[in-house]
Amino acid sequence: MNIDWWTLGFQLVNLGILIWLLGRFFWRPLSAIIAGRQNDVARRLDALAEKEKQVEAERVALSAARTGIAGERAEVLRKADVEAQAGRVATLSRAQQDAAALQEATRQTLAREETETRTAWGDQAASLAVDIARQILSATGISSEAVRDTLFARLEQAVTALPLRERTQLQAGFILMAAVAPEDADRRKYETRLAGILGTQPVITWTTDPTLIEGFAVITPSLSVASSWKADLDHIRDNLTHARS
Amino acid sequence: MNSPLVTPPLFHIGPVPVTEPVVTTWGIMALLVVGSLAVSRHLTRNVPGRLQACLELLVTTLDTQITSTMRVEDPAPYRAFVGTLFVFILVANWCALLPGIAAPTATLATDAALAGLVFLAIIVFGIRSGGVGGYLRTFLWPSIVMVPLNLLGTVTRTFSLMVRLFGNVMAGAFVIGIVLSLAGLLVPIPLMALDMLTSAVQAYIFAVLAMVFIGSALSRPTASPAASTNPDRTGVSP
């Protein structure tokens, strides 16, 4: 075997230089590029993993928020329903109260108007009855004094018909009401006639009440005996009412 | 026909003869360096072109081979050496296909230089890995009795590297030359294609064996140095 030592030396140097040159201008830049790209990929993967974590956290937060919103919505709906029910009940109650108050007011108004109407009609009827009675009396020629005497005579009969206990009460005194104030002579005559019935002279207090139309009434705190046209008209009206019912 | 073991000088620089393999090697060096400069200027980190993708695939494959064969975590210290050996041998073998150019690896001096570089690399990387003591302790495996055989093996495996590459490349060149002289112009083409494949395989084998030999010299505190990197157990045969 024959080796060319000069060639061997040249080749050793050549290959050493080539290894150095390629290592500097070929392998190192290429490996740096690869390492840089791997670092980029690793960094991007890390960033993606981080972003994925953030997205997951946001998804969990959104899910929790959505659950909270659903719960809040249900709570709002429940409160609104409760408020609507309460409002409906309150409105209904208020309407019922207003209707009852209106009904009561209407009823009272109707009752008052009915009372007023009845009073007015009663007054007109009484007035009409008095007019009619007066015209009848004037047509028959009977004087007012005769009518008054007749009514007083009916009063005497009523007092006479009273039980003994009540007549005893009348002996202590009473109010004698007349539709028209009598003159003194007539007043003494009537007092005398009553004393004759009661057996003693009672204390008589005279008063005048035109609503009696004509006639008299004996009044004590516990007793009232009347003989007047008003009492007659009331009696007739009561009879008519009973007859209708 | 000249002896393949003799390389006549093309010219002299003073008293120093310059042979054809040296000139061819300079040409290959110029080609590789200029090509590297041209490629490295257009490297991009974003979307690589086809050429850059192929070169990145070469680097990635080389790193994978280094880490799996030498059982190291960082292939960077060995990448330039092993990769340059592989690329140079491959280009040197293939340049014989060009008319008028002989493969530098078909001369014993070039193969001896390659094997010598591997021998030096084994020592350098071994000392760098575990110091002088660590490197010398690798000769004690499996026992001190094996020190002479390990020393002898270090020399013989370097020698086998040289002879293996020289024999294969020179044989390919001889076969093509003989067939060309006997049969004609186009007949050697299948043999030339086969020679391309053989040349690539030889480049790969040389690079792998260099990795194995360097790996066997690296100190590993957790494993016996030759247990995993014994070249006799690699399955690579000449």
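Quick look at the values:
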item	result
Boolean, B:L98 is closer than 30 Å to B:T7 by Cα and either within 14 Å of another protein chain (Cβ to nearest Cβ) or modelled with pLDDT of 90 or more (or both)	no
Subset of segment B:1-17 that is of a type outside the set (A, V, I, L, M, F, W, C) and not in a loop (DSSP other than H, G, I, E, B) - its residue that is modelled with the lowest pLDDT	B:P9
The one condition in (1) without any contact (Cβ under 8 Å) to a residue 12 or more places away in the chain; (2) over 19 Å from A:T119 (Cα atoms); (3) out of contact with any Asp or Glu (no Cβ under 8 Å at 6 or more places or on another chain); (4) surrounded by 10 or more Cβ atoms within 10 Å (Cβ to Cβ) that A:I219 fails to fulfil	(1)
Filter pass, A:N14 being out of contact with any Asp or Glu (no Cβ under 8 Å at 6 or more places or on another chain), outside any helix (DSSP H, G or I), within 7 Å of another protein chain (Cβ to nearest Cβ) and not basic (K, R)	no
Residue, farthest from A:I3 (Cα to Cα), within segment B:11-25, restricted to residues that are within 7 Å of another protein chain (Cβ to nearest Cβ) and not aliphatic (A, V, I, L, M)	B:T25
Filter result (of a type in the set (A, V, I, L, M, F, W, C) and surrounded by fewer than 18 Cβ atoms within 10 Å (Cβ to Cβ)) within segment B:62-82	B:A76
Options B:V34, B:V59: the member that is over 19 Å from B:L165 (Cβ atoms), within 12 Å of chain A (Cβ to nearest Cβ) and exposed (fewer than 15 other Cβ atoms within 10 Å of the Cβ)	B:V34
Residue match in segment B:103-112 (condition: out of contact with any Phe, Trp or Tyr (no Cβ under 6 Å at 6 or more places or on another chain) and surrounded by fewer than 20 Cβ atoms within 10 Å (Cβ to Cβ))	no
Options A:T140, A:T160: the member that is under 30 Å from A:D184 (Cα atoms), more than 45 Å from the chain's Cα centre (by Cα) and either at pLDDT 90 or above or among the aliphatic types (A, V, I, L, M) (or both)	A:T160
Test result for B:G133, part of a helix (DSSP H, G or I), among the small types (G, A, S), exposed (fewer than 14 other Cβ atoms within 10 Å of the Cβ) and more than 14 Å from every other protein chain (Cβ to nearest Cβ)	yes
Test: residue in segment A:27-35 that is more than 7 Å from every other protein chain (Cβ to nearest Cβ) and surrounded by 15 or more Cβ atoms within 10 Å (Cβ to Cβ)	yes
Yes/no for A:L151 being surrounded by 13 or more Cβ atoms within 10 Å (Cβ to Cβ), under 16 Å from A:L233 (Cα atoms) and modelled with pLDDT of 80 or more	yes
A:R59 under 30 Å from B:D63 (Cα atoms) and either free of Cβ contacts under 8 Å to residues at least 40 places away in the same chain or not in a helix (DSSP H, G or I) (or both)	no
Those residues of segment A:159-174 which are out of contact with any Leu (no Cβ under 7 Å at 6 or more places or on another chain) and surrounded by fewer than 16 Cβ atoms within 10 Å (Cβ to Cβ), in sequence order	A:T160, A:A161, A:P163, A:L164, A:R165, A:T168, A:A172, A:G173
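The values are calculated or read from the model by the stated rules, or taken from the named source; none is laboratory data. The model shown is predicted, which means the values in this text are computed figures rather than measured ones. Note that each Cβ is placed from the backbone with ideal geometry, even for glycine, and that neighbours are counted across all protein chains shown.
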